[in-house]
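The values are calculated or read from the model by the stated rules, or taken from the named source; none is laboratory data. Note that this is a predicted model, so its numbers are computed, not measured. When we count neighbours, we look across all protein chains shown, and the Cβ atoms used for this are built from the backbone with ideal geometry, even at glycine.
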Amino acid sequence: MVEMEEERLRMREHVMNEVDTNKDRLVSLSEFMAATKKQEFYEKDEWGTLDQNPLYTEEELREYEQQLVNEASDINKRSVDTVSYRITIYFYGKEIRGK
């Protein structure tokens, strides 16, 4: 659904750039009629979808996935270290107080 919205916005922006000659963000009848008289209006232009033009290469995706794995590992290590520290402090405190 998000991809469809992105495609719609890209197409709208393209049309506005090509047809809205006075850049008032409105397409008047005269602007539309002028655009339909251009040769390129009658040429079949295939729209490439975002799937056909990937934003990232497979290698970049693998690097990003590895970065996520590394970050998750770091978070888990810090979590374990924090728990270990708290347990140590808890039992150390008991030894000092003689409980």
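Do we have any residue at all in region 33-43 that's modelled with pLDDT of 85 or more and of a type in the set (G, A, S)? Yes, the conditions are met somewhere in region 33-43.
Would you check if Y85 is at pLDDT below 85 and out of contact with any Leu (no Cβ under 6 Å at 6 or more places or on another chain)? Show your work before the answer.
On the way: at pLDDT below 85: yes; out of contact with any Leu (no Cβ under 6 Å at 6 or more places or on another chain): yes.
So Y85 passes the test.
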